[in-house]
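The values are calculated or read from the model by the stated rules, or taken from the named source; none is laboratory data. Only a predicted model underlies this, so the values are computations on that prediction, with no experimental measurement involved. Ideal geometry is used to build each Cβ from the backbone, glycine not excepted, and the neighbour counts take in all protein chains shown.
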């Protein structure tokens with residue numbers, strides 16, 4: 001168990017203020033926050049890379065606040081992985097083992113186990129400078145896990161990867177975590193990443209921990225304005241009617257909007273969808289008319305590089321989000337008629353606890 | 001004037017001006033070397049080079065410069081590391097002070113050393129521990145004082161270019177601060193370290209001002225290559241002086257060439 005108590009630190013550009021956090025054994029904890037929030041500093045404090053003058057850090061009942069990093073037994077994967085360029089992949093992985101005076105047989109066994117766990121056996125003799133981003137990440141993970149640490153710290157582990165690799169490695173991280181059961185702290189600014197991977201997450205903003213909770217709790221019930229500003233409020237639609245179409249599909253009616261959702265369970269009480277998961281188009285999109293609606297823009301709000309639009313569809317108003325440059329290209333103005341496409345996979349379903357809705361359970 | 005330098009024509013004029021300066025300087029250096037070549041009588045050159053005096057100067061220069069370089073680099077590594085990474089009050093002042101030997105005339109440095117050895121403390125060191133004044137150890141000391149500042153400057157730029165996160169990762173992998181320095185930072189600094197060593201050595205071989213002031217210019221005793229040039233010019237033996245100048249030029253060119261090959265990058269001094 002990791003406990004951070006009243007931790008404050010000021011490094012000039014970055015600072016942390018009164019951080020209190022408790023992370024359970026084996027938990028996959030994500031620290032989410034915008035750039036410059038102090039996420040890396042918090043991770044570095046836990047790793048022992050900063051002198052702490054105010055606050056304490058405890059691991060499994062031991063005060064490690066002033067313990068040097070080499071005695072903490074914490075695995076650390078920094079941003080951009082920081083592999084040693086003067087060593088081959090295998091020597092990067094065995095770096096800590098050699099220092100800890102493991103025997104040659106033990107080192108060989110450990111490298112083989114880690115290489116197969118990370119699926120990098122074929123890279124073992126390569127120069128680290130010739131690896132792709134995803135490969136580097138796996139090597140950095142193997143290096144951090146070599147000494148069998150109790151805690152693993154990951155600083156934006158997917159930040160430098162292309163979308164496809166990031167998506168794949170996200171699943172891999174979860175798999176490795178489940179396999180080893182190691183307490184993991186993962187920091188990111190990416191909400192989708194946080195939502196998909198976290199057991200629990202904490203939102204860090206301007207050096208302060210704003211909210212800690214299960215992903216659903218944080219995303220759908222932001223604790224304060226800072227969190228909701230960063231996360232953005234989801235569209236929550238109450239369902240008046242719900243009907244199973246078979247083959248794992250369910251049709252719901254939310255205030256006149258008929259939506260088909262992949263769902264194979266009890267009837268649905270409400271659904272939610274983040275603004276970023278609703279596409280907007282000037283023209284009627286081709287293909288089946290499922291989950292596409294015509295509406296009129298009623299409000300446009302600019303926030304940084306994105307624009308948040310309110311679109312009235314029937315009686316309902318849906319919030320959607322779009323990068324500013326794309327919005328400008330599309331000439332989106334209040335009163336304009338547009339088409340909305342709901343991203344099917346991102347629709348979140350809340351099942352009904354009672355069974356009052358008209359429903360037909362799939363066989 | 002500023003109007004003239006605007007647009008495509010202005011770009012060309014600027015490019016032309018900078019390249020002309022480069023070409024003029026190159027022609028000047030080549031001209032000097034060619035004039036030396038024209039002046040040299042090759043038979044005399046070879047016999048001068050193989051004379052007992054010059055062979056002594058070559059040997060003495062190589063030995064003293066090598067020892068001085070080892071000492072200077074051993075001093076420069078921790079000092080440059082401290083300036084690059086450590087935070088302490090008055091760091092900027094210390095940093096500037098360490099640059100003094102680069103900007104102060106070597107003769108002045110030699111004179112300062114000479115004055116030190118005339119104080120009671122310096123005298124007792126000179127009498128009881130090791131003889132520096134007008135002796136070979138004096139040559140090494142003079143070279144160390146002059147070149148260590150250069151070594152520090154070069155190594156500092158090397159350490160500055162190394163991301164401290166490498167060392168941090170090393171520490172999370174179980175290395176103490178000192179071990180992380182040896183196992184992580186030094187291997188990362190390898191190229192810079194080799195480049196600094198070669199440049200420092202080349203500078204030590206060519207050191208004259210401080211050497212001649214502290215160790216004197218005694219033929220066959222404290223006669224390094226630059227001192228040999230001075231002594232031979234003073235006795236109007238120009239051929240011998242030119243032979244030594246050639247040798248110094250060749251040593252410098254080889255040193256610079258090797259350094260370029262190893263590092264493939266320029267260092268700002």
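Looking at residue A:48, is it on the phi > 0 side of the Ramachandran plot, in contact (Cβ under 8 Å) with a residue 40 or more places away in the chain and in contact with a strand residue (DSSP E or B) (Cβ under 8 Å, 6 or more places away or on another chain)? No, not satisfied. The number of residues in segment A:234-261 being touching a strand residue (DSSP E or B) at 6+ places or on another chain (Cβ under 6 Å) and either loosely packed, with under 14 Cβ neighbours inside 10 Å or at positive phi (or both) comes to 6. Among the residues making up segment A:61-100, those that are more than 10 Å from chain B (Cβ to nearest Cβ), without any contact (Cβ under 8 Å) to a residue 60 or more places away in the chain and either touching a strand residue (DSSP E or B) at 6+ places or on another chain (Cβ under 7 Å) or surrounded by fewer than 19 Cβ atoms within 10 Å (Cβ to Cβ) (or both) are A:62, A:63, A:64, A:65, A:66, A:67, A:88, A:91. Residues in segment B:112-144 that are part of a helix (DSSP H, G or I) and over 19 Å from the mean Cα position of the chain (by Cα): how many? Here the count works out to 14.
When we screen A:312, A:294, A:345, A:316 for residues that are under 26 Å from residue A:243 (Cβ atoms), within 22 Å of the chain's Cα centre (by Cα) and surrounded by fewer than 17 Cβ atoms within 10 Å (Cβ to Cβ), the only hit is A:345. Of the helices (runs of 4 or more DSSP H) lying entirely inside segment B:20-103, the ones with 1 or more residues being buried (at least 18 other Cβ atoms within 10 Å of the Cβ), out of contact with any strand residue (DSSP E or B) (no Cβ under 6 Å at 6 or more places or on another chain) and modelled with pLDDT under 90 are found at B:42-49, B:91-103. For segment A:136-165, a residue qualifies if it is in a helix (DSSP H, G or I) and surrounded by 20 or more Cβ atoms within 10 Å (Cβ to Cβ), and the qualifying residues are A:136, A:137, A:138, A:139, A:140, A:141, A:142, A:143, A:144, A:145. Could you list, in sequence order, the residues of segment A:101-145 that are touching a residue at least 60 places away in the same chain (Cβ under 8 Å) and closer than 17 Å to residue A:165 by Cβ? Result: A:137, A:140, A:141. Is it the case, given these coordinates, that residue A:19 is away from chain B (no Cβ under 13 Å) and either touching a residue at least 40 places away in the same chain (Cβ under 8 Å) or surrounded by 22 or more Cβ atoms within 10 Å (Cβ to Cβ) (or both)? Yes: the conditions hold for residue A:19. Residue B:220 meets the conditions (1) in contact with a helix residue (DSSP H, G or I) (Cβ under 6 Å, 6 or more places away or on another chain); (2) within 30 Å of residue B:126 (Cα to Cα); (3) in a helix (DSSP H, G or I) in every case but one. The failed one is (3). Considering (1) away from chain A (no Cβ under 14 Å); (2) free of Cβ contacts under 8 Å to residues at least 60 places away in the same chain; (3) surrounded by 22 or more Cβ atoms within 10 Å (Cβ to Cβ), the lone condition that residue B:225 does not fulfil carries the number (2). In segment B:170-197, what count of residues is obtained for those that are in contact (Cβ under 8 Å) with a residue 12 or more places away in the chain and facing chain A (nearest Cβ under 7 Å)? Selection size over segment B:170-197: 2.
Note on segment A:41-60: residues that are over 16 Å from residue A:149 (Cα atoms) and either more than 8 Å from every other protein chain (Cβ to nearest Cβ) or surrounded by fewer than 18 Cβ atoms within 10 Å (Cβ to Cβ) (or both) total 11. Among the numbered conditions (1) exposed (fewer than 15 other Cβ atoms within 10 Å of the Cβ); (2) in contact (Cβ under 8 Å) with a residue 40 or more places away in the chain; (3) within 14 Å of chain B (Cβ to nearest Cβ), the only one that residue A:25 does not meet is (3). Answer with yes or no whether residue B:178 is within 17 Å of residue B:71 (Cα to Cα), out of contact with any strand residue (DSSP E or B) (no Cβ under 9 Å at 6 or more places or on another chain), assigned to a helix (DSSP H, G or I) and at pLDDT 90 or above. In short, no.
Within segment A:323-337, can one find any residue that is modelled with pLDDT of 85 or more and closer than 19 Å to residue A:254 by Cβ? For segment A:323-337, residues modelled with pLDDT of 85 or more and closer than 19 Å to residue A:254 by Cβ: absent.
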